[in-house]
Amino acid sequence: MQQAARVQTLEDSVRVGEAATILGVSTKTLRNWDRMGKLKARRHPINGYRIYLREELQDLLNQVSETSAGGLQE
């Protein structure tokens, strides 16, 4: 039996300021990453603000953590 795809809601997302805090970077860095395509923001359907999915932020943190841990091993 196939698992149904999870529907994303606005509760699953954060605005640029909170995303920057979660990642430990500045809002300017996040905006630059968006322009460069490193971490693409979505847009709020009503006001057009940048929003980031919590799941994608966690995935990025996990990737950084794995890379850091791998770099420490010989």
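The values are calculated or read from the model by the stated rules, or taken from the named source; none is laboratory data. Treat the numbers as computed from the prediction; the structure is a model and nothing was measured. Methodologically, a virtual Cβ is constructed for each residue, glycine included, from the backbone with ideal geometry; neighbour enumeration extends over all protein chains shown.
Worth a mention:
- None of L60, L72, L30, L53 is of a type in the set (A, V, I, L, M) and modelled with pLDDT under 90 except L72.
- Of the residues making up segment 36-56, those that are surrounded by 10 or more Cβ atoms within 10 Å (Cβ to Cβ) and not in a loop (DSSP other than H, G, I, E, B) are R42, R43, R50, I51, Y52, L53, R54, E55, E56.
- Complete set of residues in segment 45-60 that are charged (D, E, K, R) and under 15 Å from T9 (Cα atoms): R50, R54, E55, E56
- Residue selected from segment 10-29 under the condition outside any loop (DSSP other than H, G, I, E, B) and either in contact (Cβ under 8 Å) with a residue 60 or more places away in the chain or among the polar types (S, T, N, Q) (or both), by the criterion surrounded by the fewest Cβ atoms within 10 Å (Cβ to Cβ): T21
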